[in-house]
Amino acid sequence: RFQVVEQGPPIEVFQKNKLFLEDTFQNKVNLTVGAYRDENGKPWVLPVVRKVEKQIAADDTLLHEYLPVLGMEQFSAASVSMLLGEDSPVIASGRAFGVQTLSGTGGLRVGAEFLNRHLKYNTFYYSQPTWENHHLVFVRSGFPNAREYRYWDAKTRAIDFDGLIEDLRSAPADSVVLLHACAHNPTGIDPTHDQWEKIADVMEERKLFPFFDSAYQGFASGDLDKDAWAVRYFIKRGFELVCAQSYAKNFGLYNERVGNLTVVTSDAALVPALKSQLTWVVRSIYSNPPAHGARVVATVLSDKALFDQWREHIKTMSSRVIQMREALRAELIKLGTPGSWEHIVKQIGLFSFTGLTARQVAHLIQEYHIYLLNSGRINICGLNPGNVQYVARAIHDAVTK
Ligand code: PMP
């Protein structure tokens, strides 16, 4: 019976990562998967995470009982507070709550199914380009209509703001608009505060529903409040919204699948009904979430000393990324590589959308064993003081060929 199943296409980011691992070349470089690497190119378990994990392992009172369907209350409350700010009026008035989800992807999946099933939304808009999984998650959650809004202008290597506004202006009422809260993936370019205000104007006028995706809070700038500015601004403007949060990057908890879906509504009296339907959405997909990662995050977020340590860690990570952006640009300028490389330092977050063409990408992989996505996106953390010159020389060669 299984003969009917055809081979599916590979997922580019995992495929390129595998090719990298199998490559035996000594100076190979991995600029594919969006995960942090330290200055020696090694993964980093945050010391505060290790510390809390040891405490958890030593605690004989902890059990492996099921969590509630909507997850660990202490964790989701701490997540809402981190996103909205602890003094947010929507928390004080009981109009915001959280649902623990399977990392950011799970938050997107649960949120999308909920909006489609219970609010009867059928159309969603995503930026062109966006994280490659957005489209699939929304379509598989029940959204029949997927539409793009313009975001990236390849010529100026900057945001195509006029295009974005024009596309949102022509969106049908009651469309869901997926917005990256900060550190837009893959371009690394976020709207300015002025631009966010204009986006909010159009969305208000056109009655569009904001779905924020916050995968990099704190990781982008090193400042949790700054990276949540857009979400908080929309709430100040009176929008109802949902926001998927991921702790993969900012806690380095990639494989623990720790996330949250924050929901903000106009009326606290609606919360019990919303929670009850979200319970059924989760129940039908995975019944209830795992505890370990959520315990780690909840412990850190609710203890002042641990929280301060974690804030130092996110500063360490974000400042290393910024240093590597500067180092790569400096090397390219030193080599006299044609073109402007300012965008590398203007972009924020893990990624740089380099502007390299598919031909140049192929050249880097084949001739230099430097792995990156066909779109030209690189993970800046794959760079370190030991390989940045090598990468810059390779880019120079690819560009001038
Ligand atoms: N959204 C964006 C924009 C991302 O970059 C990522 C991670 N690559 C995610 C969501 C979800 O990641 P995870 O499910 O691992 O939290």
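The values are calculated or read from the model by the stated rules, or taken from the named source; none is laboratory data. Since we're looking at a predicted model, the values are computed, not measured. Neighbour counts run over all protein chains shown; Cβ positions are idealised from the backbone, glycine included.
I'd like to check something: does the stretch 157-166 contain any residue that is out of contact with any Phe, Trp or Tyr (no Cβ under 7 Å at 6 or more places or on another chain), among the hydrophobic types (A, V, I, L, M, F, W, C) and surrounded by 16 or more Cβ atoms within 10 Å (Cβ to Cβ)? Scanning the stretch 157-166 turns up at least one residue that is out of contact with any Phe, Trp or Tyr (no Cβ under 7 Å at 6 or more places or on another chain), among the hydrophobic types (A, V, I, L, M, F, W, C) and surrounded by 16 or more Cβ atoms within 10 Å (Cβ to Cβ). Determine whether V361 is crowded, with 19+ Cβ neighbours inside 10 Å and either closer than 20 Å to A78 by Cα or of a type in the set (D, E, K, R) (or both). Considered against the rule, which asks whether it is crowded, with 19+ Cβ neighbours inside 10 Å and either closer than 20 Å to A78 by Cα or of a type in the set (D, E, K, R) (or both), V361 comes out as no. Here A248 clears all of (1) without any contact (Cβ under 8 Å) to a residue 60 or more places away in the chain; (2) of a type in the set (A, V, I, L, M, F, W, C); (3) assigned to a loop (DSSP other than H, G, I, E, B); (4) over 20 Å from F209 (Cβ atoms) except the condition numbered (1). Which of the residues spanning the stretch 366-386 are surrounded by fewer than 22 Cβ atoms within 10 Å (Cβ to Cβ), within 15 Å of D397 (Cβ to Cβ) and not charged (D, E, K, R)? Q366, Y368, H369, listed by residue number. Being within 16 Å of the ligand (Cβ to nearest atom), among the small types (G, A, S) and out of contact with any strand residue (DSSP E or B) (no Cβ under 6 Å at 6 or more places or on another chain) holds for only one residue in G259, G222, G238, G252, and it is G252.
Taking the stretch 35-85, which residues are in a loop (DSSP other than H, G, I, E, B) and in contact with a Cys (Cβ under 8 Å, 6 or more places away or on another chain)?
Within the stretch 35-85, the first condition is being in a loop (DSSP other than H, G, I, E, B), and the residues that meet it are 35-46, 59-72, 85.
Once the filter is applied, which keeps residues that are in a loop (DSSP other than H, G, I, E, B) and in contact with a Cys (Cβ under 8 Å, 6 or more places away or on another chain), the stretch 35-85 yields A35, Y36, R37.
Among the residues of the stretch 167-214, those that are in a loop (DSSP other than H, G, I, E, B), touching a Leu at 6+ places or on another chain (Cβ under 9 Å) and closer than 24 Å to M317 by Cα comprise A181, A183, N185, P186, G188, P191. Listed by position, the strands (runs of 3 or more DSSP E) enclosed by the stretch 86-160 that each have at least 2 residues that are in the same structural domain as K249 (by TED's automatic domain parsing) and more than 16 Å from the ligand (Cβ to nearest atom) are 96-102, 145-150.
Within the stretch 261-268, identify whether any single residue is at pLDDT 95 or above, among the aliphatic types (A, V, I, L, M), in a helix (DSSP H, G or I) and buried (at least 22 other Cβ atoms within 10 Å of the Cβ), and answer yes or no. The answer is no; no qualifying residue exists. If you go through the stretch 34-70 and keep only what is over 26 Å from Y286 (Cα atoms) and touching a Phe, Trp or Tyr at 6+ places or on another chain (Cβ under 9 Å), you end up with Y36, R37, D38, P43, W44, L46, V48.
In this structure, S266 does not qualify as in contact (Cβ under 8 Å) with a residue 40 or more places away in the chain and within 16 Å of the ligand (Cβ to nearest atom).
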